[in-house]
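Student: Below is a structure I'd like to ask you about.
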Amino acid sequence: MKSTKLIYLEDSYQTNIEATVVNITKIGKKYSVILDQTIFYPQSGGQPADTGVIEGETGKFIVDHVKLDDGLIIHQGTLEGTVEPQQKVTATIDWNARYKNMQTHTAGHLIDEAVKNLSPEFQGIDGMHGINNQQYIEFNGFINESYKSEITDYLQKNKNLDQPIISETVTLAEIKKRGILLPFEPSKNKPVRVVSFGDNPPVPDAGTQLKNSNEVWPILLTDFEYQDGNTRIHYTLTPPAKKELPETKEATTKDTSLAEFQQQIDALANEIKQDEVLSNEAFQQKYSSKKGKFNQLAKSIKSVSPKDRGTAGKLLNQLKLTINSQANKQADTKKQEWFDVTLPGIKPQLGHAHLISQTIKEVESIFASLGFVRRRYQEIETDWYYAEGLNIPKDHPARDDQETFYFSDNVVLTAHTSNGQLREMEFLKEPPIKMINIGKTYRRQASNTHSPMFHQFEGLLVDKNINMSHLVGVSNYFAQHYFGPDREIRLRPHHFQFTEPSFEVDINCNVCKGTGSIHGHKCKVCKSGWLELGGAGMVHPTVLKNGGIDPNKYSGFAFGWGIERIIMMKHQVTDNLRQLYTDDLRFLQQG
Ligand code: FA5
């Protein structure tokens, strides 16, 4: 059977068409009808199916579900009277339901655009736009709920911008020519359906869309749900007091030909080019405002026949470029005309220290308030201070734990700040020692949570009668001053060559309040209720001896934690440490 012609792709505002019945079958009490062409949208892509009626002279078929099956659109429902193959029928969709579905669907895409604006790393991977009353967009990765207001602001601004939404079908040649980026490899034989929102690049979409973002009712983000490393942003639309549905297009409306539409575009482009120099506001008002000439013309695209609408959309895009470049030219011309020397100058933006530098300062001052002195020891180190003096003999398997960069057999880029322990003991010669050594460290690692260069802060306290309770007290003090007063730590047994006993220090997660689950789901930030801060322990007697300190007289504790890791933990970012090293101002300006 020949594939059904999909009229809903050509015009999402058309409510009825004339069609011919190709096939009708009955299973139980239900009928399935296939037409040569349809405006009924089949349930897919998270958008629910259309409902409506298919009417012929001898009967009426009530459509309650529609599905796509191998190129055929199957209308399912109940029959009153008879409908026969070859019969001419009128197919009419329930426009109220369709319009609501389109609003919900378009809203989902607008959320996707808003989140991409937040960070291009977040990719929309799934969505539900009303099926089973579910409305959400799912993104890969963890999106903190604190971004809700930023996403909402962006949505409000962009809806106010009154963005035209253009759906079109593009061939491989066009995809290449226009540099359209798709999340899959397009095939030569199968054109791709895409949609673009205002000036944003097109994205794949096979559903039905509204024609302008201002038709979407205000979007309310209701819930951020975390599942399997992804974030689902649930949303709902808030209907305005007065609900107005836009005009639809009946099958009988007279079409504007593409040539006529092109003429109107050319006429407006000429008018814009020849217009006298206007003020910015006057130019915007006349051409780009909501009631401006561009929008008037963009609205009339509805009257262009569906088969030409893609081309008409491209003409509109070109016209928009002409308007933008003319606006710039006008602004330039105006600029040349006069210069107001009394205007105040442009205030230079004030910069601020990078988040890592800010954190180093904060860590330094927290420990300073306990009497720890800030040190910075060398990053290029000899094997003795880096390993052997720390009780890690040559060929010891513990060396494998750290993927070290070696300059030569004896010289390394330090993989931890623990070299500072021996250096400090040698420097002070006699306790008390209260050091916080913060520096750059290097490992042959690169992932979302591991960077080849990162920062550690190493605490060392050596004095008479120092014991485990001092380590616990200092760790808790740090956790509560850096992360918040309700945070606490726990120690888990671990092994380091340079401490005995050794521990991993964990801090309770404040997203799930240490319970490990949120709304019955595993907490995506910590998975267990606790987050790992880093290693610690009581300084090994051999290390004290190697630093020239008598282990029978003195004891001490040490810890080594990651600066980038505590930043991620504080801001509940689980998977993009590398953002700290980008030059993305949207990220950096937040600090
Ligand atoms: C150490 O480096 C020990 N020297 C810590 C120590 C000091 C233990 C004193 C006992 C006494 P570890 O390899 O676990 O331990 O690293 C400590 C912390 O550094 C980790 O918890 C993590 O926060 C951070 N870290 C390690 N590798 C990376 C990396 N590639 N990128 C970012 N942070 C890292």
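Student: If you go through segment 440-465 one residue at a time, how many are open to solvent by less than 10 Å² (accessible area, probe 1.4 Å) and either more than 9 Å from the ligand (Cβ to nearest atom) or not assigned by TED's automatic domain parsing to the domain that holds Glu381 (or both)?
Tutor: Residues meeting the conditions: 2.
Student: Another question, if that's okay. Conditions: (1) under 16 Å from Ile567 (Cα atoms); (2) not in a strand (DSSP E or B). Ser447 meets all but one. Number of the miss?
Tutor: Among (1) under 16 Å from Ile567 (Cα atoms); (2) not in a strand (DSSP E or B), the lone unmet condition for Ser447 is (1).
Student: What's the number of the condition His495 fails, among (1) open to solvent by 70 Å² or more (accessible area, probe 1.4 Å); (2) in a loop (DSSP other than H, G, I, E, B)?
Tutor: Failed condition: (2).
Student: If you don't mind, there's one more thing I want to ask. Can you report the number of residues in segment 181-199 which are open to solvent by 40 Å² or more (accessible area, probe 1.4 Å) and within 18 Å of the chain's Cα centre (by Cα)?
Tutor: So the answer is 2.
Student: Counting residues that are hydrophobic (A, V, I, L, M, F, W, C) and surrounded by 17 or more Cβ atoms within 10 Å (Cβ to Cβ), which strands (runs of 3 or more DSSP E) fully inside segment 75-163 reach at least 2? Full working, then the answer.
Tutor: Numbers: elements: 88-93, 124-129, 135-140.
Of the strands (runs of 3 or more DSSP E) lying wholly inside segment 75-163, those with at least 2 residues that are hydrophobic (A, V, I, L, M, F, W, C) and surrounded by 17 or more Cβ atoms within 10 Å (Cβ to Cβ) span 88-93, 135-140.
Student: Inspect all residues belonging to segment 25-33 and state whether any of them is open to solvent by 60 Å² or more (accessible area, probe 1.4 Å), modelled with pLDDT under 95 and over 18 Å from Pro85 (Cα atoms).
Tutor: Yes, segment 25-33 contains a residue that is open to solvent by 60 Å² or more (accessible area, probe 1.4 Å), modelled with pLDDT under 95 and over 18 Å from Pro85 (Cα atoms).
Student: For segment 34-71, which positions are open to solvent by less than 50 Å² (accessible area, probe 1.4 Å), in contact (Cβ under 8 Å) with a residue 40 or more places away in the chain and in a loop (DSSP other than H, G, I, E, B)? Don't jump to the end; show me each part of the working.
Tutor: Kept after step one, since they are open to solvent by less than 50 Å² (accessible area, probe 1.4 Å), are these residues of segment 34-71: 34-35, 37-42, 44, 46-54, 56, 59, 61, 63, 66, 71.
In the following step, the residues that additionally are in contact (Cβ under 8 Å) with a residue 40 or more places away in the chain were identified as 34-35, 38-41, 44, 46-48, 50-52, 71.
Hits for segment 34-71 are Ile39, Phe40, Tyr41, Gly46, Pro48, Asp50, Thr51, Gly71.
To keep it simple, each residue is scored yes or no on (1) assigned to a strand (DSSP E or B); (2) closer than 28 Å to Gly179 by Cβ; (3) of a type in the set (Phe, Trp, Tyr).
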| position | (1), (2), (3) |
| --- | --- |
| Gly207 | no, yes, no |
| Trp217 | no, no, yes |
| Leu220 | yes, no, no |
| Asp223 | yes, no, no |
| Tyr226 | yes, no, yes |
| Thr231 | yes, no, no |
| Thr236 | yes, no, no |
| Pro240 | no, no, no |
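Student: Just checking, which of Leu413, Leu422, Leu428 is without any contact (Cβ under 8 Å) to a residue 12 or more places away in the chain and hydrophobic (A, V, I, L, M, F, W, C)? Spell out how you get there, then give the answer.
Tutor: Values: Leu413 fails: without any contact (Cβ under 8 Å) to a residue 12 or more places away in the chain; Leu422 fails: without any contact (Cβ under 8 Å) to a residue 12 or more places away in the chain.
Just a single option satisfies the conditions, and that option is Leu428.
Student: Considering only segment 565-583, state which residues are at pLDDT 80 or above and either in a loop (DSSP other than H, G, I, E, B) or within 23 Å of Phe139 (Cβ to Cβ) (or both). Write out each step before concluding.
Tutor: If we filter segment 565-583 for residues that are at pLDDT 80 or above, which is where we start, we get 565-571, 577-583.
Hits for segment 565-583 are Ile567, Met568, Met569, Lys570, His571, Leu577, Arg578, Gln579, Leu580, Tyr581, Thr582, Asp583.
Student: Here is a further query. How do the pairs read when you match residues in segment 557-581 that are in the same structural domain as Gly473 (by TED's automatic domain parsing) and open to solvent by 40 Å² or more (accessible area, probe 1.4 Å) with residues anywhere that are near the ligand (Cβ under 8 Å from one of its atoms) and not basic (Lys, Arg), using Cβ under 6 Å and keeping only pairs 6 or more apart or on different chains?
Tutor: Pairs found: none.
The values are calculated or read from the model by the stated rules, or taken from the named source; none is laboratory data. Every value quoted in this text rests on a predicted model; they were computed, and no experiment measured them. As a convention, Cβ positions derive from the backbone with ideal geometry for all residues, glycine included, and neighbour counts pool all protein chains shown. Just so you know, the surface numbers come from the protein's heavy atoms only, side chains and all, with ligands and any DNA or RNA stripped out. Shrake-Rupley method; radii C 1.70, N 1.55, O 1.52, S 1.80 Å.
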